[in-house]
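Readers should treat all values here as calculations from the given coordinates under stated rules, not as data from a laboratory. Keep in mind that this is a model prediction, so the values were computed, not measured. Cβ atoms come from the backbone with ideal geometry, glycine included; neighbour counts cover every protein chain shown.
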Amino acid sequence: MPAIPRDTKGLPAIVAREVSKTFRVPQERKHTLKERVLHPRSRTRHQVFHALNDISFAVAEGEFFGIAGRNGSGKSTLLKCIAGIYGVEGEIWRRGRVSTFIELGVGFNADLAARDNVILNGIMLGLSPREARKRYDSVIEFAELKEFEDLKLKNYSSGMYVRLAFSVAIQVDADLLLIDEILAVGDASFQQKCFDVFNRMRDSGKTIVFVTHDMGALNRFCHRALLLERGSQVYIGDPQEVGDRYLELNFGRDPEAAGTAEGRGDGEARVLEAWVEDDQGQRQPAVPQGRRMTLRARVSFMVEVEDPQASVYVHNEEHKAVLVASTVLEHEHSGRFRSGEQAVFSFSFDNVLAPGRYNPVFNLAHRGSGLDVIDRFEGAFSFVVTAQQALGGIVDVPVEVVVERGESVPGGDLPPSLELPV
Amino acid sequence: MSAGTVPYESLGRPIRGPRALNDDPARFWHLTFNIAVNQWKLRFFGSALGYLWQLVRPLLLFTVLYVFFTKIANVNGAHPGDHSYDNYGAQLLGSIVLFTFFSEATMGSVRCVLDNEALVRKIQFPRMVIPLSIVLLSMFNLALNLVVVFVFALLAGVRPMLTWLELPLIVAVLAVLVAGLSMLLSSLFIYFRDIQPIWEVINQILFYSSPVIIAVPAVVKAFGPKTALSPRALDVPWLAHVYMSNPLAVILQQFRHAMINHATPSPAAVLGSDVMLLIPIGIVIGVFVFGFYVFNRTAPYVAENL
């Protein structure tokens with residue numbers, strides 16, 4: 001985690017003190033004067049919706065501050081409150097010139113050419129007309145739209161449109177930037193450009209508040225982050241921790257997380273339950289990549305069974321078994337289990353699975369081919385592997401990556417036609 | 001740094017929510033001006049005839065009314081010796097242009113906050129920019145149309161007068177009235193969607209109850225005492241005062257008096273004294289203050305209530 005740059009003499013850039021926001025949503029809206037006149041005494045009933053409850057935090061000058069939360073947790077509302085778009089209960093202090101990127105290209109007019117839009121948008125975001133005109137060239141250059149500058153925006157592709165809007169927004173050099181989810185747009189190369197810009201802004205000491213549910217971005221940029229859930233502040237601090245808690249919130253109350261479904265088989269034993277434990281031995285619906293994890297199943301024997309074999313098949317979302325483990329190899333003679341006895345079968349391994357959801361299947365069979373099934377525990381529970389980033393492989397094992405350049409590259413005796421550019 | 005250790009007293013004033021105005025008049029003006037200019041470009045640069053299109057409507061209305069009232073109803077020929085009907089055409093055109101400004105700006109303002117919903121919900125800027133930019137846009141049109149009026153008047157034989165200097169004042173009073181109404185209407189529309197048809201009807205009423213077609217002397221005569229010449233007069237002279245208390249009537253009539261024809265009575269003359277002018281002026285100020293107040297009150301909640 002990058003250290004928080006603190007301006008020792010300065011005050012915080014943003015302070016929020018016990019900020020709450022409630023919306024009064026009318027149940028049936030009266031929208032006409034006629035209704036008011038005809039039914040002057042009928043009152044509209046309102047539903048009060050608490051979007052934010054008692055949020056308090058401070059953002060230091062030069063800090064990159066993240067706000068995370070699930071959909072509907074109030075993170076965008078909080079950003080709008082900081083931006084001054086909504087009035088609030090409680091108090092918010094803010095210092096310096098603010099630029100808000102709630103949505104890119106708000107106020108763009110499709111019938112006007114890029115030039116008019118860039119200047120008008122610049123003024124909207126707080127520039128003077130002279131500044132806006134002066135920066136026009138660099139905006140167009142950054143957006144790589146020089147050859148399209150006289151085109152009306154309605155003829156732009158959505159990618160061009162977004163590029164232009166983003167370029168305008170970053171040219172407004174505010175001290176405080178409020179950014180809402182804008183990395184969700186644009187192609188990979190443009191996203192990279194956005195990331196570069198954010199890094200540059202962070203390095204130049206601007207205060208940035210960044211709303212996202214991309215935990216990877218949160219980790220890469222933010223010094224600290226705030227986690228919201230149903231309008232309340234859950235945690236504030238280390239983005240890594242926020243990321244973990246966010247994933248917990250997302251998958252935590254999943255009814256599939258612990259299952260007790262009955263399977264098929266001859267019924268000489270029953271798999272009562274199956275679950276996942278993390279490296280602390282705690283039952284978890286979600287486990288982080290890179291740590292040790294354990295799959296366990298509790299079995300109750302109805303009749304005496306000799307040397308049963310237990311297997312687990314871990315299927316990924318594409319229904320491919322990415323991991324299979326069995327007692328066959330190490331415990332072929334697992335022993336004799338009496339009627340009424342209970343046993344727990346455990347499978348521990350270092351979690352190298354790619355992030356995602358997995359469905360384990362437990363199979364208990366008589367000794368032999370494994371086809372003589374006693375009980376099968378299937379589709380009743382799943383677990384999630386969490387990771388800060390995913391590169392796309394099925395497994396993520398530690399890989400040493402080395403780049404060597406020059407003549408003495410290993411494999412340099414390849415024929416020239418096969419030589420790869422380094 | 002946790003919020004608990006922050007000395008709140010040292011932070012100064014907390015920010016306030018969205019407001020109608022901001023602390024930076026220059027920015028307010030730049031925004032209003034640039035939005036109006038861009039809208040203006042949109043309206044005229046795309047079409048082949050450009051500016052002429054927006055002139056077509058008042059000119060067509062003028063042509064129809066002029067032909068009907070001077071050639072068929074013969075309003076100006078029916079009063080031999082009464083010079084207040086001289087240059088009736090220029091009077092009519094001037095009134096139509098001013099009234100077009102009034103109705104275009106107020107009708108355009110009714111929906112303006114809703115039409116700019118995206119801006120209101122996503123950008124912090126002084127909300128009053130929205131209705132005022134519509135008024136400004138209409139003022140650009142008014143300025144161009146007034147050029148046409150004066151060219152027409154000069155061609156019709158009106159000689160330049162010193163009272164032409166009153167023009168900025170007349171336009172300013174009208175603009176204040178229009179701005180007040182546009183703030184009022186745009187904020188009321190958020191809560192009452194039937195303001196739009198209601199205002200269309202009121203607009204029609206105002207068109208006929210202001211000296212656009214009808215000349216003020218005819219009104220005075222109609223309300224005045226019964227004489228041999230006007231046997232159908234109502235004989236309630238104070239109704240003429242009521243008629244002239246309408247600020248729109250005062251503005252249009254003052255324009256006709258000061259710009260086109262001194263023979264048509266000034267509003268002060270109809271009302272009997274300059275002091276009586278305080279009534280329509282008071283209404284203009286009242287409408288503006290009330291509109292401002294209502295807009296200012298609703299501005300913080302606009303984003304939530306749309």
(message) Please rank B:100, A:207, fewest neighbouring Cβ atoms within 10 Å first, as an exposure proxy.
(response) B:100, A:207
(request) Quick one: P(r) of the protein assembly as shown from all Cα-Cα pairs, 10 Å bins, percents rounded to integers, in order of increasing distance. (result) 2, 11, 16, 16, 15, 13, 10, 7, 5, 3, 2, 1, 0, 0
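Let me know the charge dipole size of segment A:312-396 about its Cα centre in debye, to the nearest 20, where only the beta-carbon of Lys, Arg (+1) and Asp, Glu (-1) is charged. Numbers along the way, then the final one.
Details: 6 positive and 10 negative charges, 36 e Å.
Roughly 180 debye, rounded to the nearest 20.
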(request) May I ask which residue of A:50, A:303, A:62 lies farthest towards the positive end of the charge dipole of chain A, with charges of +1 (Lys, Arg) and -1 (Asp, Glu) on Cβ and the Cα centre as origin? (result) A:50
(message) Quick check: residue separation of residue A:50 and residue A:344 times 0.36 nm, minus the Cα distance between them. What number comes out in nm?
(response) 101.2 nm
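Could you give the C-alpha radius of gyration of segment A:258-386 expressed as a fraction of 2.2 N^0.38 Å, taking N as the number of residues it contains? Present the calculation step by step, with values, prior to reporting the outcome.
Working: Rg = 14.2 Å, N = 129, 2.2 N^0.38 = 13.9 Å.
Normalised Rg, Cα atoms only: 1.02.
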(message) Principal axis extents for chain B, Cα atoms only, whole Å, descending order, please.
(response) 90, 48, 39
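I want the antiparallel fraction of DSSP beta bridges within segment A:258-386, as a percent rounded to 5.
Numbers: 40 of 43 bridges.
Given both bridge residues lie in segment A:258-386, the antiparallel proportion sits at roughly 95 percent.
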(message) Taking 60 Å as R0, compute the FRET efficiency from the Cβ-Cβ separation of residue B:232 and residue A:97 and round it to 0.05.
(response) 0.30
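Per residue, how big is the convex hull around the C-alpha atoms of segment B:239-280? Give it to me in cubic angstrom, could you? Display every interim value, and only then the final one.
Numbers: hull volume 2.3 nm³, N = 42.
Per-residue hull volume (Cα only) is 55 Å³.
Over all distinct alpha-carbon pairs, what is the Kirkwood Rh of segment A:65-183 in angstrom?
Details: mean 1/r = 0.0657 Å⁻¹.
The answer is 15.2 Å.
Going through the cross-link list A:80/B:122; A:80/A:193; A:21/A:75; A:152/B:41; A:154/B:41; A:193/B:122, which pairs have a Cα-Cα distance over 18 Å in this structure?
On the way: A:80/B:122 8 Å; A:80/A:193 25 Å; A:21/A:75 12 Å; A:152/B:41 13 Å; A:154/B:41 16 Å; A:193/B:122 24 Å.
Exceeds cut-off: A:80/A:193; A:193/B:122.
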(request) Could you please report the charge total around residue A:219, scoring K, R as +1 and D, E as -1 over all other residues with beta-carbon less than 11 angstrom from its beta-carbon? (result) -3
(message) Need one number: % antiparallel among DSSP beta bridges in the protein assembly as shown, to the nearest 5.
(response) 75
(request) Positive end of the charge dipole of segment A:14-251 (Lys, Arg +1 and Asp, Glu -1 on Cβ, about the Cα centre): tell me which of A:85, A:190, A:215 has its Cα farthest that way. (result) A:85
(request) Tell me the Kirkwood hydrodynamic radius of segment B:182-306 in angstroms, computed as one over the mean inverse distance between distinct C-alpha pairs. (result) 16.6
(request) Neighbouring Cβ atoms within 10 Å as the yardstick, rank A:220, B:127, A:292, B:232 fewest first. (result) B:232, A:292, A:220, B:127
(request) Could you tell me which of B:63, A:391, B:303 has its Cα farthest along the dipole of the protein assembly as shown towards the positive end, charges placed at Cβ (Lys, Arg +1; Asp, Glu -1), taken about the Cα centre? (result) B:63
(request) Would you calculate a helix-derived [θ] at 222 nm for the protein assembly as shown, using -39,500 (n - 2.57) for each DSSP H run of n ≥ 4 and dividing by the full residue count, to the nearest 500? (result) -12500 deg cm²/dmol
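Let me check I've understood the local charge: for residue A:349, count other residues with C-beta under 14 angstrom from its C-beta, Lys and Arg +1, Asp and Glu -1. What total comes out?
Working: positive: A:291, A:292, A:296; negative: A:277, A:278, A:279, A:330, A:350, A:396.
Net of charged neighbours comes to -3.
Using the Cα centre of chain B as the reference point, and only Cβ charges (+1 on K/R, -1 on D/E), how large is the resulting charge dipole? Debye, rounded to the nearest 20. Don't skip to the answer; put the middle values down first.
Values: 19 positive and 14 negative charges, 73 e Å.
The calculation lands at about 360 debye.
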(request) May I ask for the equivalent-ellipsoid semi-axes of segment A:14-251, computed as the square root of five times each C-alpha gyration tensor eigenvalue and listed largest first in whole Å? (result) 32, 27, 17
(request) Taking the Cβ of each residue in B:202, B:134 as the centre, tally the other Cβ atoms inside 10 Å and list the residues starting with the fewest. (result) B:202, B:134
(message) What are the extents of the Cα atoms of chain A along their three principal axes, in Å, largest first?
(response) 87, 86, 50
